[in-house]
Structure formats: structure tokens, C-alpha cells
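S.K.: Take a look at the following structure, please.
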Amino acid sequence: MGGPPAFEHVYREHVRFVWRTVRRLGVREADVEDVCQRVFEVVHRQLPEFRGDARLTTWLFGIVRRVVSDHRRSAYERRRDLHEEVELEAAPGQERAVAEREARALLDQLLDELDEDKRIVFVLCELDGMAVKDVAELIDAPVQTVYSRLHAARDKISRGVERLAAGAA
Amino acid sequence: MKLDDLIQSARGDEPTPEQLKKLDGKLAHLLPPIGGGNGPSGSGGGHGAAGAGGAATVKWIAAGVVAVGGGVAIQQAVSHRDRSPPPPPISAPAPAPAPIAEVTPDAAPEPVPVPAPAAAVHRAPEPSLADEAALLDRARTALQRGDARAALATCDAHVKNFTHGALREERERIAIEALLALGRHGDAEARAQRFDRAFPNSVQSERIHALLRDR
């Protein structure tokens, strides 16, 4: 193998995956752009040290995971959570858009109830449609572990939906 | 509302062309000048293994899991994203949270000047990657000029100021290199072991173990 791939290639090839993964790992929509910027700044800084003995996607996903984790821990994020106002008024003709946002917010809520490992597997398998084998490679975990986490995540999400349904009844 | 509706709602997580263009702009200093090739907002792209990123077919929807009405739970769950103010300018690291480092700092750190926290503001700024990188650049420069003690102290300052920083793997490599330069091989080995536990797939691992082998 030659040297590490060019930054531009990595960026162009993976930016969409990074974007939606950042979102689905718990970064709020308004912050996704900043977090993606941060991810690719780290990628740019560390790319010269990538030697090709690991899969690029595994390496990249590791960076996404750490930057997202860093972001979610930050005081900035916590303070925003505290001060954020909930507002969900449907403007005329916007009911469908509001319903979609409600659904997306509920999904966020249920994903937030998963621990990080299960959330990652659920996001990659169920939301991104990746095969378990590919997820195992991406996160560098045994296939059996991925199956086990996926099963547990599905179970918890299902119970969460039941709970919400019961609460709304 | 059904579970598959929730899953389907994640379809909108794809970036729009406008969002990609904005991100392009923010990373312009790292990308070749415009005109060379397609931007990500063009066709194609995407992650090979991840496909188009749409919601996957949900094959496991539990029978009877239906109808989450539009009730209170939804109201409580929803974050109001679209009207969130833009993040504040980030020029200084936030005051350090309680330092719960997964890799503990080495010995008593010497005071290393780091950018002062911004004066009391309504909202704590998010730590800047540029500040974090600048601190590590100082550590690396110190190491290059043979001042391993200063390099180590700067790494410890990084632990305190950027406990969960995005560049902490890089910090650990520099710290281990500094420990080796100081002849503290046992400490370097111990720190490398902690590193391996904390970052099992790090690209820094190979370099760290090469450093340890070469001593």
C-alpha cells in the first residue's frame, strides 16, 4: 500500500456517512455541522499517521465516536440542554412536518436510553442498513457481540415504544 | 405512531446540499481550491458499506406496538432544533471540568500557561480544537528541542484542560515519548498499557509500541 489517502478523498467519500452518524449518535441537528467540522479537522491532523493496517472506515468511525462523545460531554451541550425551550406548534399546513419532527424527537429519546455500544450497533444496523458483518468490521468487534448488542437494543427500543404508547393512551 | 415511523423519521438525517456546501466552506482551509473535482454535494459519494443511508427495513417490529399518540411524551421529548442559536465563537477552552482522565496525568505538572477562560459569559464556550492542537504542538516542540520535562508538563496540562479532548491519543503518544526521553521506562510502559486499554484501535498504538521497542 502507498501512503495514506488524500484528505480530500476521505472527506468527499465519507462526509455523508459522518454527517448522519454524528446526528444519530446523539448530536442535535443544530450542532451537527460543527461536530462534523471537528471530526474532519481531527482526520486531517491524524491522517498522515494512518498506515493502512486498519480499515480506513474503522479508523474514521473511531474518530467520529470520540468527537461525538467529547461533544456530548461538554458543558456547552449540557447548558444548552438546560436552557432549551420546547416548542412544537404546528403552523397551518405544517402538520406533517411537525409529525415527522415529533417522530424524530421520539427516536432520539429512545436512542438516548441505550448505552453507547448498543446505540452504535442499532444506528448502523437499523438506521443505516449495514449488515452485521460490516458493522463488526467497522467497530472492530466480534460478529456475535454485534448480534447480541443488536438484540438487546431492539428489545429495549421496542419496550420504549410500548411504554410511550401506554403513556399517551 | 408506529415504530417503523420512528425509524423512517431518521431518513432526514442526510445532509442537504446546502449543509454540505456550508461544511465545505468551514473546511476550505483543508481542501484544494474550488474547481478541482466534485464536491460532496454532487452525485455519488456516501459510505460504501453504509449504502444510501436510508432507513433500513424494519423486520422486527413487535406485534401490537402501535400508536404513540401526539401526547405529552412527545412534547417532553422534542428538542427545538431549528431555532437554536448558532454556537458562540470558540476561542478559548471552557473551564476544565473535574479532571476524570482515563489516562492519569504524570506526576505533579508544572504550571503551563494555557489560554485563559473567557470572561464570565452567559454560555460556556465549547473547547476549541485549535486550542487543543496548539497545546499539543507546544508539547511536541518541547520534545523536539530536547525538553522532555516541559513536554510532559504540557501533556498534563492537556489532560486537565481537555479531559475528553479529541486529540488525547496524540497527547498520550507525546507523553510516552517524553517519559522515555527522561529514562522513565517503567512509567512509559505503564502509560502505554493504560493507553492500550483506553484506545484499543488507535493509529497511535503502532508508533507507541515502536517507541517502546526501540528503547
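None of the figures in this text is laboratory data; all of them are computed from the coordinates on show. Note that this is a predicted model, so its numbers are computed, not measured. Because the Cβ atoms are built from the backbone with ideal geometry, glycine has one as well, and the counts that use them run over all protein chains shown.
S.K.: For A:Lys118, go through the lysines and keep the ones whose alpha-carbon is under 29 Å away, minus same-chain ones fewer than eight residues off.
M.R.: Partners found: A:Lys133, A:Lys156, B:Lys2, B:Lys59.
S.K.: Over the whole of A:104-116, what's the average partner chain Cβ count within 10 Å per residue? Rounded to a whole number, please.
M.R.: 5
S.K.: With labels modelled as points extended 7 Å from the Cα through the Cβ direction, what inter-label distance (nm, one decimal) is found for A:Asp140 paired with A:Thr58?
M.R.: Simple spin-label model gives 0.6 nm for this pair.
S.K.: I've got another one for you. Could you list A:Cys36, B:Cys155, A:Cys125 in order of exposure, starting from the residue whose Cβ has the fewest other Cβ atoms within 10 Å?
M.R.: Values: A:Cys36 27, B:Cys155 33, A:Cys125 21.
The most exposed by this proxy come first: A:Cys125, A:Cys36, B:Cys155.
S.K.: Starting from the alpha-carbon convex hull of region B:149-212, give the projected area averaged over all orientations, in nm².
M.R.: In nm², the orientation-averaged hull projection of region B:149-212 is 3.8.
S.K.: Still on this structure, please answer the following. Mind ranking A:6-15, B:171-180 by how tightly packed they are, going by the mean number of other C-beta atoms within 10 angstrom, highest first?
M.R.: Descending mean neighbour count gives B:171-180, A:6-15.
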